[in-house]
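To start, the structure under review is shown below, and the notes come after it.
Just so it is clear, none of the values below were taken in a lab; they were calculated from the coordinates. On a predicted model such as this, the values are computed, not experimentally measured, just so you know. No Cβ is skipped: glycine too gets one built from the backbone with ideal geometry, and neighbour counts run over all protein chains shown.
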Amino acid sequence: MDKEATKSIRDDGDLVKAFQSGDMIAFDEIVLRYKDRIFSLCYRFTGNFHEAEDCTQDVFLKVYRSLMKFRLESSFYTWLYRITLNTCRSRLKSMKVMNKKKIGYMDNIDNRDEDYQVLENAYEGKNPITELEKIERIRLVQNAIDSLPAWQKEVIILRDIEGLSYEEINRITGYRLGTLKSRLSRARHSLKERLGRII
């Protein structure tokens, strides 16, 4: 196996250690490995394409600044998700203070047009009617998620969308297991009620 092939399959821990030893390319690999997942997570939290882009950039800037101190005592992606969650929390508070929080996703024509283009590109070459129906369902679900209180939104996204375990969510959020399960149950009930009215 050549050197480049070996580098391409390095696990997170190897990449972190390489970066801490001065290998700047290792950080590029980390970004390439996680940028889509982090953008998706930021988009789920903010419900806004531009805010998600900004959040994603902020997350990786924070990771770059803090990675030298990371001791691999927890999994890298759990640490990364914790940074992402805290960044999104701060961003949402800032959006509220500045009165920029999106009032209705479907009412924001500029974002809708741009996001349709992004989603349509993902489905290029497939049946346009079927795929647009899928896009619309995704939009309606995101709209319903956006309407949840922040604490419900967090647990729904981390557990039901990201598929993280209770233990991983505990490490990311700090919620105790009993609290987490209770919040998740209430969040699912709230989301089901909202989706029942629109789907």
* Give, in nm to one decimal, the length gained when the segment between residue 138 and residue 185 is fully stretched (0.36 nm per residue of separation minus the Cα-Cα distance). => 14.8 nm
* To do: Arrange the peptides 9-18, 154-163 so that the one whose residues have, on average, the most other Cβ atoms within 10 Å appears first.
  => 154-163, 9-18
* Please report the relative contact order for segment 1-101, taking Cα pairs under 8 Å with a sequence separation of at least 6, and give it as a percent rounded to a whole number. => 25 percent
